[in-house]
Amino acid sequence: MSNHTIIAIDPGASGGIAWTDIYGSVCAEKMPDGMAAQIDRLREIVAFGSGSIGAVMERVGGYMPGNAGPGAVKFARHCGHIEAALYCMGVPTEQVGAAQWMQVCRPLPKGMDAQSKRARKNAIKDAVSRRFPHLSVTLATADALGILWWAMQRRNGEL
């Protein structure tokens, strides 16, 4: 059995949750719909975790020029709700920037245009699928699994 459970969260609506279970296996699923379902699922993962439990959540940016301000505020509140729920469950949570966790998936396509972003998402999905071949990796779970992979490497002193 593993003595440490890691929960990795890609907080977007199209994001996912990945975690190590009590046996040290890696699990992942699409982010549940709605805050109540998300918190219920996190509560279940924490309840069945082992040893010390920690969470790593992708650090997401604030307002980006060209994006709607109200949407950015709503997303920031959503991320804060997830962090608050984990805090109330006694789970220490840290944030990691995308550029940092994506290092485990390199090389990745560069660029900020839609085509480059799509290519990068697919490259992350491919890298994570190779790392966790027992899982059916989707675009919804790929980033959470990449964050988990990064956190596992860091825990093992590989980073």
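Just so it is clear, none of the values below were taken in a lab; they were calculated from the coordinates. None of these values were measured; they are calculated from a predicted model. Heads up, the Cβs are rebuilt from the backbone with ideal geometry, glycines too, and the neighbour counts pull from every protein chain shown.
Residue by residue, what Karplus-based ³J(HN,Hα) values in Hz, rounded to whole numbers, does the stretch 97-106 have, using 6.51, -1.76 and 1.60 with θ = phi - 60° and x for Gly and Pro?
These are the phi-based 3J(HN,Hα) values: x, 4, 4, 6, 6, 5, 4, 5, 9, 5 Hz.
Under 5 Å between amide hydrogens, which residues at least 5 positions from G16 or on another chain qualify, with H placed 1.01 Å from N in the peptide plane?
Under 5 Å from the amide H of G16 lie the amide H atoms of D10, M31, A144, each far enough along the sequence or on another chain.
Could you order the peptides 4-11, 29-36 from most to least packed, using the average number of other C-beta atoms within 10 Å per residue? Don't jump to the answer; show the numbers that get you there.
Numbers: 4-11: 23.2, 29-36: 13.5.
Going from most to least packed, we get 4-11, 29-36.
With charges only on Cβ, +1 for K and R and -1 for D and E, what is the dipole size of the chain about its Cα centre, in debye, rounded to 20?
Working: 17 positive and 13 negative charges, 102 e Å.
Charge dipole, the chain, about its Cα centre: 500 debye, nearest 20.
Leaving out same-chain residues fewer than 8 places away, which lysines sit with a Cα under 25 Å from that of K110?
Candidates past the 8-residue exclusion: K121, K125.
Based on the alpha-carbon gyration tensor of the stretch 98-159 and its eigenvalue square roots a ≥ b ≥ c, which shape applies: rounded if a/c is under 1.5, prolate if not and a/b is larger than b/c, or oblate?
On the way: a/c = 2.35, a/b = 1.36, b/c = 1.72.
Note, shape of the stretch 98-159 comes out oblate.
Counting alpha carbon pairs within less than 8 Å and at least 6 residues apart, what relative contact order, in whole percent, applies to the chain? If you can, show how the numbers build up before the last one.
Values: 246 pairs, mean separation 45.2, N = 159.
Relative CO of the chain lands at 28 percent.
Can you pull the one-decimal nm distance between simple spin-label points at T138 and S50, each 7 Å off the Cα toward Cβ?
2.8
Take each of the peptides 12-21, 78-87, average the number of other beta-carbon atoms within 10 Å over its residues, and list them starting from the highest.
Values: 12-21: 20.2, 78-87: 16.1.
The densest-packed peptide leads the list: 12-21, 78-87.
For V96, list long-range residues whose amide hydrogen, built 1.01 Å from N in the peptide plane, is under 5 Å from its own amide hydrogen.
M57, E58, R59
Would you kindly derive the ³J(HN,Hα) couplings of the stretch 145-157 from the backbone phi angles with the Karplus curve 6.51 cos²θ - 1.76 cosθ + 1.60 (θ = phi - 60°), listing them in order in whole Hz, with x for Gly and Pro?
Coupling constants for the stretch 145-157: 5, x, 5, 4, 4, 4, 5, 5, 5, 5, 4, 7, x Hz.
Between the stretch 1-43 and the stretch 98-159, how many Å separate their Cα centres?
16
Ranking L135, L148 by Cβ neighbours within 10 Å, fewest first, what do you get? All intermediate terms of the calculation are to be shown ahead of the outcome.
Working: L135 18, L148 30.
So the residues, fewest neighbours to most, are L135, L148.
Run through the stretch 47-142 and list the trypsin sites (Lys or Arg not before Pro) located in a DSSP loop whose Cβ has at most 11 other Cβ atoms within 10 Å.
K110
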